[in-house]
Amino acid sequence: MVSIILTTIFTYFSCKYIIDILQSEYKKVKLLHDERTHSGYTSPTNSVPLYQKSSINFVLIFALLLMNFSNIIMFGYHHGLCWCYYPEHFSTTLTRYLKPQSPGTCERDQICFAVLNLSENPQTDVIIKFFTQTSFDTSHVELFSDDGRRLQKIKCRMVNLNQYQWEVYDRWIHTCQVLGLNEGTKYRFVISAESDGGHYMVKDKTRRFKTFNKSGGVVFASGGDLGAENQVMDIIVAASNSSPDFILIGGDVVYDDGMLSCSSRWYNFLRDYDRVAVTKEGLMIPLLTSIGNHEAKYGLFGSKAIDALPYLVFMNHQIGKYDTDQSLFHSHLLTDKCSLLVLDSGVVNKHKHQVNWMKDMWSGKLSTTKKMAVYHAPLYPSSSDVVDDMVLKGKTHWGPLFSSYNLSIVFENHDHTYSRSKRIYNGQIIQGHDNGYGTVFLGDGAMGVLYPQAIKSPFHQELKIKKHIFIVRCHDDGFEMKAVDDKGVTFDEMSRPNWPKS
């Protein structure tokens, strides 16, 4: 904003200076012309004609005008630059201002979307996120039992993305963390935003959700690398048709490359997710995510948390933490028998810096659960280089832990193919009947983005170039998985027994 004001002031005084010069030059030319006309003066052959001197001045003035005009245009063109892929998109603050109804905007004075983010303890806690394009004094979520009894009213936390980067319209993200719920229970809620001491209020429709059960099984959908093509919601619809307890996206959700100026990608995705991610009972399906490299600035691994600010503002999975205070690796106790660790495959946190925490989780509160993990960059790639730095670090620091702590299933992404590995234990392929030993790696992130070529290795059991999402059931007797495409057609299946007791 300061740069815009300074540019405006500079342009004003530059133009005023140019106008003064033009007026002065015009007066001089007119005066000299009148004097020489009346005196019959003829210029010497070696002097510069008057019209040439005037032309030079006018050329200089025109150049100065053009320079100022170019500065204004270039500033407006490059300020708030958004340039991202899948699909390729280019816009600036200026172009978005000239097209106010561009994708990612919504009507003022309304709730634009609302989604549930999966918390670490989904039996008792739920996180509600919603967006407004209008500034309000406060926002709340009002909670009801499924039969309509009013239970509590919770104040939400509000943050305007414009405090980090100015935009032509406000971008308010509201986070409501609701605690102390009963397990396996259906609830209703209404979100609202108020101003002027409650005299002005905007309310949303009534929505429904259900907390997780502590016992029994859990069903979820898992994929990655979604993108923002027009048809990406087809795969979310295919997943929702199975009425999963939650949907997991393992990074590269909207390919915004950590650019706040590309935040419309998040609005569009969450608005559409809100519309289609509903069970057959009309219950909202919570969203769980892990960070991918295209959540960070320029799509780089080894970034800082601030470089993934849009992701950290739009996604929230930890109670009591917000924005850059959140950790990008977290644990989720899905039932008393099923758990999932969300890891950061080197986007912000190094692999080795998560090892002690992983050990603490798997030897502590998650020790008696069936263990799963999700992250972005694969240990067993299907299209990227097998000697890639992230691959080697993953195999070095995480691979042994997956075997030591008996992980049955791990979800990988990033390579934009469909892959299912053979059973792997301590880096070796296990042959013969599945007796529960070994980890199966499911990947590789192709919900909406496909890589044109797959590279099969001895570790792969199945490998295809195909859009897909996994439907996984974790229950007392083990795991069941089926892979479905964006039409909802099942094309691969697998089941796994429990790990043998030692």
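The numbers here are math on the coordinates, done by the rules we state, and not lab data. Everything numeric here is computed off the predicted structure, so don't read it as measured data. Cβ sites come from the backbone with ideal geometry, for glycine too, and all protein chains shown count toward neighbours.
Here is the list for region 191-283: GluC sites (Glu not before Pro) lying in DSSP coil, each with at most 14 other C-beta atoms within 10 angstrom of its C-beta, are Glu229, Glu281.
Bridging of Lys466 to aspartates and glutamates at a Cα separation below 18 Å is possible for Asp225, Glu229, Asp234, Asp252, Glu412, Asp415, Asp444, Asp485, Asp486, Asp492, Glu493, once same-chain residues fewer than 8 apart are set aside. Remark: spin-label model distance Asp476-Ser457 equals 3.9 nm, labels positioned 7 Å along the Cα→Cβ axis. Protection proxy ranking of 410-421, 260-271, by the mean of other Cβ atoms within 10 Å over each peptide's residues and highest first, is 410-421, 260-271. Distant-in-sequence amide contacts of His460, defined by a placed amide H-H separation under 5 Å and a gap of 5 or more residues or a different chain, comprise Lys422. Across region 426-441, computed HN-Hα scalar couplings (Karplus, 6.51 cos²θ - 1.76 cosθ + 1.60, θ = phi - 60°) run 6, x, 10, 6, 9, 9, x, 4, 6, 9, x, 7, x, 10, 9, 9 Hz from first to last residue, x flagging Gly and Pro. Annotation: the residues Thr92, Thr324, sorted from fewest to most other C-beta atoms within 10 Å of their own C-beta, follow the order Thr324, Thr92.
Scanning residues 5 or more positions from Lys370 or on other chains, those with amide H under 5 Å from its amide H are Cys338, Ser339, with H placed 1.01 Å from N in the peptide plane. Going from the residue with the fewest nearby Cβ atoms within 10 Å to the one with the most, Asp325, Asp109, Asp274 rank Asp325, Asp109, Asp274. Here the mean projected area of the convex hull built on the C-alpha positions of region 436-484 is 4.2 nm². The share of C-alpha pairs in region 272-323 whose separation exceeds 15 Å stands at 58 percent.
When each of the peptides 199-212, 439-452 is scored by how many other beta carbons lie within 10 Å of its residues on average, the order from highest to lowest is 439-452, 199-212. For Ser24 and Asp196, a Förster radius of 56 Å and the Cβ-Cβ distance give a FRET efficiency of 0.55, rounded to the nearest 0.05.
Karplus-based coupling profile of region 476-491, in residue order and whole Hz: 4, 9, x, 10, 10, 9, 10, 9, 10, 8, 6, 9, x, 8, 6, 10, with θ = phi - 60° in 6.51 cos²θ - 1.76 cosθ + 1.60 and x standing for Gly or Pro. When both region 469-502 and region 159-194 are represented by their alpha-carbon centers, they are found 33 Å apart.
Extent of region 113-208 along its three principal axes (Cα atoms, max minus min coordinate, largest first): 43, 32, 18 Å.
Projected label points at Leu179 and Lys365, each 7 Å from Cα along the beta carbon direction, are separated by 1.2 nanometres. Candidates Leu328, Leu392, Val355 compared by Cα position along the dipole of region 295-397: farthest toward the positive end lies Val355, with charges placed on Cβ. Two numbers describe the Cα atoms of region 392-486: Rg and Dmax, which are 13.5, 39 Å.
In this structure the amide hydrogen of Phe479, modeled in the peptide plane, comes within under 5 Å of the amide hydrogens of Arg496, none closer than 5 places in sequence on its chain. Normalised by 2.2 N^0.38 Å, with N the number of residues, the alpha-carbon radius of gyration of region 273-410 equals 1.10. With only the Cα atoms considered, region 213-497 has a convex hull volume of 122 Å³ per residue.
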